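Worksheet for the structure shown next.
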Amino acid sequence: MSLNSSILMIVPAAGKSTRHQPNKLLHQLTGMTAIESTLTVLRRHFGHVVTVVGYDKVRITECITKRFDQHITLIENPDYASGMASSIHSALKSRPLQPYKYIGFCNGDYSFIKSDTIKLLLHDLWKYEPVILAPTYEGIIGHPNFFSIDLINEFFEIKGDVGGRDIIRDHLKESMLIPVEDRGVNYDMDQYLDEIKE
């Protein structure tokens, strides 16, 4: 198993897209939708990408399956309306976790992350093997972020519309935060769509 195959990359894509209807993940960017753009970059680096669907699951599933065939594992979260935590739980329960050293997270609407940024993060992850690693841009923590499998029980304790940031906050002294010159790590589709409407 390669080092990157010992990372389970989870992509929550189940949210209701309340700020930008009908669904920001299906907004067309350059030649593909937002969710396709996110997954295209991630697939270059990770052997196991689990995408969690919920709201608008039929269209999201069709979009992903058409482009990626069987190369993305799709998991349905029937409790998606309760928030991000339920999508994380669905993904973690979907497969045995023993082979993995790290759990990675990247929200489905972070469609502008550069491949070279992920390459840099992975280099530092395997060089230093911190408990948590995440990029920052202009001091703000972004995606993707990586958590040691030793923290898995803490993810099962989160509830509501909560992801990994609270766990980073609780383990800040054990976290490696990597400054990057890539706005995409904390620039999501809500921000993009707000800007193009101005």
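The values are calculated or read from the model by the stated rules, or taken from the named source; none is laboratory data. Keep in mind it's a predicted model, so treat the numbers as computed, not measured. Counting neighbours? That spans all protein chains shown, and the Cβs are built from the backbone with ideal geometry, glycine included.
Conditions tested, residue by residue: (1) surrounded by fewer than 19 Cβ atoms within 10 Å (Cβ to Cβ); (2) in contact with a helix residue (DSSP H, G or I) (Cβ under 7 Å, 6 or more places away or on another chain).
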site	(1), (2)
Leu29	yes, yes
Ile35	no, yes
Thr38	no, no
Phe46	no, yes
Thr61	yes, no
Lys66	yes, no
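Exactly one residue out of Gly142, Gly164, Gly160 is touching a strand residue (DSSP E or B) at 6+ places or on another chain (Cβ under 7 Å) and modelled with pLDDT under 95, and it is Gly164. Any idea which residue in the range 6-27 is surrounded by the fewest Cβ atoms within 10 Å (Cβ to Cβ), counting only those that are assigned to a helix (DSSP H, G or I) and not aliphatic (A, V, I, L, M)? Here the answer is Ser6.
Residues in the range 8-41 that are more than 17 Å from the chain's Cα centre (by Cα) and among the β-branched types (Val, Ile, Thr): Thr18, Thr30.
Would you confirm whether any residue within the range 81-92 is in a loop (DSSP other than H, G, I, E, B), touching a Pro at 6+ places or on another chain (Cβ under 6 Å), surrounded by 15 or more Cβ atoms within 10 Å (Cβ to Cβ) and of a type in the set (S, T, N, Q)? Break it down into steps so the answer makes sense when it comes.
Here is the first cut: in the range 81-92, the residues in a loop (DSSP other than H, G, I, E, B) are 83.
Next cut, touching a Pro at 6+ places or on another chain (Cβ under 6 Å) only: none.
No, the range 81-92 contains no residue that is in a loop (DSSP other than H, G, I, E, B), touching a Pro at 6+ places or on another chain (Cβ under 6 Å), surrounded by 15 or more Cβ atoms within 10 Å (Cβ to Cβ) and of a type in the set (S, T, N, Q).
Of all residues in the range 38-58, those that are within 17 Å of Leu122 (Cβ to Cβ) have Cβ atoms under 6 Å from Cβ atoms of residues that are of a type in the set (A, V, I, L, M) and assigned to a helix (DSSP H, G or I), 6 or more apart or on another chain, in His45/Ile118; Val49/Leu42. Where strands (runs of 3 or more DSSP E) fall wholly inside the range 93-198, the ranges with 2 or more residues that are under 16 Å from the mean Cα position of the chain (by Cα) are 102-105, 132-137, 145-148.
Listed by first and then second residue, the pairs linking a residue in the range 19-32 that is without any contact (Cβ under 8 Å) to a residue 40 or more places away in the chain to a residue that is of a type in the set (S, T, N, Q) and in a loop (DSSP other than H, G, I, E, B), with Cβ atoms under 8 Å apart and 6 or more places separating them unless they lie on different chains, are Asn23/Ser17.
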